[in-house]
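The values are calculated or read from the model by the stated rules, or taken from the named source; none is laboratory data. Remember, predicted model here, so these are calculated numbers, not experimental data. Quick reminder, even Gly has a Cβ in these numbers, built from the backbone with ideal geometry, and neighbours come from all protein chains shown. SASA here: full protein model, heavy atoms, side chains in, ligands and nucleic acids out. Shrake-Rupley method; radii C 1.70, N 1.55, O 1.52, S 1.80 Å.
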Amino acid sequence: MRILLTIVLQVAVLTGLLAQADLNQNTWSREKMSLNGKWKVIVDPYDNGSYSYRLDRFDEMSRSPRSAFYMDAKVKDKTDRLEYDFDTAESLMVPGSWNMQNDKYYWYEGSMWYRRLFSYEKKEEGNRVFVRFEGANYHTHVYLNGKKLGQHVGGFTPFEFDATDVLREGDNSLVVVINNMRHREGVPTVNTDWFNYGGLTRDVFVYEVPQKHISDYKIQLNKDNPKEIAVEIATEGMTTGDVVALSIPELRIKQSLKVDAQGKVTTSLKVKKMTYWSPQTPKLYTVVLQAGEDKVSDKIGFRTIAVDGSKILLNGEQVFLKGISIHEENPIRGDRAFSMDDARTMLGWAKELGCNFVRLAHYPHNENIVRLADEMGMLVWEENPVYWTIAWDNEETYKNAENQLAEVMTRDKNRASVIIWSMANETPPGEARDAFLKRLVSFTRSNDDTRLISMAMEKRKDKKNKKIMIVDDPFAEYVDLLSFNEYIGWYTGKPEDCDKIQWKIMYDKPVIVSEFGGGALAGFHGDEQTQWTEEFQAAIYREQVKMLSKIPQWAGATPWILTDFRSPRRPLGGIQDGYNRKGLISETGDKKKAFFILQSFYNNKK
Ligand code: GCU
């Protein structure tokens with residue numbers, strides 16, 4: 001039986017639609033009740049609230065109800081003993097990390113309990129109600145009215161639970177415990193060059209769907225035929241003979257599609273004339289799906305992305321990716337970015353820089369920035385947080401990495417702006433690493449063959465001649481784009497050394513330099529030899545773009561990084577003060593000289 005089940009599952013996954021993650025598609029356009037705002041919190045460094053909560057395992061929490069905060073228990077009689085009370089606890093704003101809302105939590109890594117009371121009236125008796133979290137860092141357990149809804153591991157991807165059977169008419173108590181401790185087997189692992197913001201860092205909301213509803217769909221241009229739109233739809237509660245109505249009014253498409261016994265539809269739509277999505281013309285078509293009482297609409301751009309030798313082809317035409325790397329941090333607000341306003345700030349700066357491309361490092365960012373990229377015509381690289389020295393031999397670690405990738409791929413499968421899935425960043429070559437990443441690549445390809453795969457690799461110096469840099473990571477064979485990070489002029493040599501460097505790229509693939517750059521304190525000026533001056537950083541950018549222009553396969557770059565960002569690895573007093581200073585813009589929004597060097601290069605680059 002088990003073998004049969006495995007075969008069936010693999011077949012299902014090959015259709016590319018099987019909900020790689022247990023998430024309804026496009027809650028973005030569904031009517032929702034936001035749970036953002038003030039939540040009561042109890043800090044719990046000894047996990048007193050969950051008793052046997054094990055921080056290093058993803059198992060269920062077993063506990064004696066007496067001590068478990070998830071019960072949100074109340075004293076009923078003067079003889080009752082209770083050693084916690086959410087009603088009298090302090091509050092934190094959601095979305096937002098706990099680190100940035102109260103100095104006593106700045107460095108806190110541990111468990112935090114959150115409680116939100118809400119009342120909810122179902123629109124239709126038979127509907128199903130979901131509680132959805134757009135992201136929570138890092139290990140989260142969710143309870144509603146004292147009953148466990150489920151748990152989630154991973155700090156940067158959405159998750160949701162069916163709350164139908166536990167929801168009460170009137171007041172409900174939603175209790176969430178989040179632990180942001182770093183783990184050797186985690187994804188990412190214990191060592192990162194970014195701040196470990198903990199908590200409910202993105203939107204939380206409740207929404208409902210009819211018993212018969214559209215649970216997933218992928219409506220994208222057929223990668224081999226730009227005159228055809230490939231359609232895959234999955235439904236819940238529907239079976240043979242039920243119909244899904246699909247319409248794309250601007251393309252005069254209106255179809256009644258019969259689902260199969262599994263409630264699925266796979267078809268294609270011939271299109272004579274359409275405007276393809278691109279940075280110059282970010283055309284989005286309204287797509288409406290209706291199944292019984294359920295109606296969901298989306299705004300979808302249709303485009304193809306491919307590689308041909310060392311060229312990247314967008315809608316069949318060569319494109320140079322004028323990019324920049326971005327962390328999910330609004331430097332002005334000084335916390336995790338989560339909102340559309342944050343997205344407008346970050347992508348507005350990228351646009352001003354002359355970019356047509358952003359690398360959302362080093363983990364999936366929130367859905368707002370991806371939706372805005374669709375609207376603005378900004379191409380996007382999304383990245384799995386397989387960062388540096390991951391526990392390659394650990395099966396749990398692999399499953400965790402695959403699940404986080406599945407969740408972002410499920411959420412963004414209809415986003416035209418997303419052209420690259422990045423498997424990892426700067427991982428040391430080795431047998432275990434290659435095996436781990438090969439699994440991730442084949443998982444990605446089997447779930448989405450319409451986008452390119454890459455990962456930020458490393459370069460090495462030629463043993464005999466230090467002026468020769470070689471990119472020959474064996475993993476380059478498995479990706480579509482050859483991407484690597486290099487810091488000539490900062491970590492290796494001086495800016496003027498760029499001129500002497502010769503690059504040996506051992507593969508005929510498009511080359512994306514996924515990181516280059518150097519640090520500067522905004523407002524600190526001096527000569528081009530003095531570290532941390534804006535002039536020194538500007539010299540790095542000037543010399544880097546000259547050097548990289550000599551690489552024949554050079555197809556794009558995402559220099560490190562748009563804005564200064566918080567990192568515990570950067571303590572240099574008076575200069576870093578807990579910030580990584582490689583930003584082209586400071587945390588106060590001041591543009592450094594290097595911003596204008598890169599802007600001029602991009603504006604003149606064909
Ligand atoms: C690495 C890494 C980044 C890091 C950067 C730096 O390449 O990918 O996450 O911040 O270098 O050292 O600033």
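Looking only at residues in segment 464-496 that are open to solvent by 10 Å² or more (accessible area, probe 1.4 Å) and in contact with a helix residue (DSSP H, G or I) (Cβ under 8 Å, 6 or more places away or on another chain), which one is nearest to the ligand (Cβ to nearest atom)? The qualifying residue nearest to the ligand (Cβ to nearest atom) is Trp490. Taking (1) farther than 30 Å from Thr164 by Cα; (2) among the β-branched types (Val, Ile, Thr); (3) at pLDDT below 95 in turn, Thr239 satisfies each apart from (1).
In this structure, is Trp113 in a loop (DSSP other than H, G, I, E, B), among the hydrophobic types (A, V, I, L, M, F, W, C) and crowded, with 23+ Cβ neighbours inside 10 Å? No, not satisfied. All of Val386, Val370 fail the test of being more than 16 Å from the ligand (Cβ to nearest atom), of a type in the set (Val, Ile, Thr), within 30 Å of Asp434 (Cβ to Cβ) and open to solvent by less than 10 Å² (accessible area, probe 1.4 Å), apart from Val370. Would you say Trp560 is in contact with a Gly (Cβ under 7 Å, 6 or more places away or on another chain), at positive phi and either of a type in the set (Val, Ile, Thr) or within 14 Å of the ligand (Cβ to nearest atom) (or both)? For Trp560, the condition - in contact with a Gly (Cβ under 7 Å, 6 or more places away or on another chain), at positive phi and either of a type in the set (Val, Ile, Thr) or within 14 Å of the ligand (Cβ to nearest atom) (or both) - is not met.
One residue alone among Phe436, Phe443 is at pLDDT 95 or above and over 25 Å from Leu321 (Cβ atoms), and that residue is Phe436. Name the single residue, out of those in segment 337-377 being hydrophobic (A, V, I, L, M, F, W, C) and part of a loop (DSSP other than H, G, I, E, B), that is farthest from Thr444 (Cα to Cα). Across segment 337-377, the extreme among qualifying residues is Leu353. Close Cβ contacts (under 8 Å, 6 or more residues apart or on different chains) running from residues in segment 348-364 that are under 14 Å from Phe320 (Cα atoms) and open to solvent by less than 10 Å² (accessible area, probe 1.4 Å) to residues that are within 16 Å of the ligand (Cβ to nearest atom) and in a helix (DSSP H, G or I) are absent. Trp421 fulfils the conditions (1) over 12 Å from the mean Cα position of the chain (by Cα); (2) without any contact (Cβ under 8 Å) to a residue 40 or more places away in the chain except for a single criterion, (1). Residues that are open to solvent by 50 Å² or more (accessible area, probe 1.4 Å), assigned to a loop (DSSP other than H, G, I, E, B) and modelled with pLDDT under 65 do not occur anywhere in segment 24-44.
Yes/no per residue for (1) modelled with pLDDT of 95 or more; (2) surrounded by fewer than 18 Cβ atoms within 10 Å (Cβ to Cβ); (3) in contact with a helix residue (DSSP H, G or I) (Cβ under 9 Å, 6 or more places away or on another chain):
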position	(1), (2), (3)
Tyr507	no, yes, yes
Val513	yes, no, yes
Phe516	yes, no, yes
Met547	yes, no, yes
Ala557	yes, no, yes
Asp564	yes, no, no
Asp577	yes, yes, no
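You will find that of Val319, Val296, the residue that is closer than 30 Å to Ile505 by Cβ, hydrophobic (A, V, I, L, M, F, W, C) and within 29 Å of the chain's Cα centre (by Cα) is Val319 and no other. Taken over segment 415-440, the criterion of being buried (at least 21 other Cβ atoms within 10 Å of the Cβ) and over 22 Å from Ala136 (Cα atoms) is satisfied by Arg415, Ala416, Ser417, Val418, Ile419, Ile420, Thr427, Phe436, Leu437, Leu440.
The single condition among (1) open to solvent by 20 Å² or more (accessible area, probe 1.4 Å); (2) over 29 Å from Pro226 (Cβ atoms); (3) among the aliphatic types (A, V, I, L, M) that Leu284 does not satisfy is (2). Mind checking which residues of segment 441-463 are assigned to a helix (DSSP H, G or I) and either open to solvent by less than 10 Å² (accessible area, probe 1.4 Å) or touching a residue at least 12 places away in the same chain (Cβ under 8 Å) (or both)? Result: Val441, Phe443, Thr444, Ser446, Asn447. The C-beta contact set for segment 550-577 (first residue outside any loop (DSSP other than H, G, I, E, B), second residue within 16 Å of the ligand (Cβ to nearest atom) and among the charged types (D, E, K, R), distance under 6 angstrom, 6+ apart or interchain) comprises Phe565/Glu329. Every condition in (1) touching a Pro at 6+ places or on another chain (Cβ under 7 Å); (2) open to solvent by less than 10 Å² (accessible area, probe 1.4 Å); (3) away from the ligand (no atom under 16 Å from the Cβ) holds for Asp203 except the one numbered (2). I need the full set of residues from segment 292-323 which are part of a loop (DSSP other than H, G, I, E, B) and at negative phi, in order please. Glu293, Gly301, Phe302, Arg303, Thr304, Ser310, Val319, Phe320 - these are the residues of segment 292-323 that are part of a loop (DSSP other than H, G, I, E, B) and at negative phi.
Scanning segment 522-540 for residues that are in contact (Cβ under 8 Å) with a residue 60 or more places away in the chain and either open to solvent by less than 40 Å² (accessible area, probe 1.4 Å) or among the polar types (S, T, N, Q) (or both) yields Ala522, Glu534. Across segment 531-549, the number of residues qualifying as in a helix (DSSP H, G or I) and either of a type in the set (D, E, K, R) or at positive phi (or both) comes to 5. Inside segment 399-409, can you point out the residues that are of a type outside the set (A, V, I, L, M, F, W, C) and either open to solvent by 20 Å² or more (accessible area, probe 1.4 Å) or in contact with a Leu (Cβ under 8 Å, 6 or more places away or on another chain) (or both)? Of everything in segment 399-409, those that are of a type outside the set (A, V, I, L, M, F, W, C) and either open to solvent by 20 Å² or more (accessible area, probe 1.4 Å) or in contact with a Leu (Cβ under 8 Å, 6 or more places away or on another chain) (or both) turn out to be Lys399, Glu402, Asn403, Glu407. Among the residues of segment 402-428, just one is within 16 Å of the ligand (Cβ to nearest atom), among the hydroxyl-bearing types (Ser, Thr, Tyr) and in a loop (DSSP other than H, G, I, E, B), namely Thr427. Is it the case that Val380 is within 16 Å of the ligand (Cβ to nearest atom), in a strand (DSSP E or B) and either within 20 Å of the chain's Cα centre (by Cα) or acidic (Asp, Glu) (or both)? Spelling it out, it is not the case that Val380 is within 16 Å of the ligand (Cβ to nearest atom), in a strand (DSSP E or B) and either within 20 Å of the chain's Cα centre (by Cα) or acidic (Asp, Glu) (or both).
Scoring Ile505 on the criteria (1) closer than 30 Å to Gln318 by Cα; (2) of a type in the set (A, V, I, L, M, F, W, C); (3) within 16 Å of the ligand (Cβ to nearest atom) leaves a single failure, condition (3).
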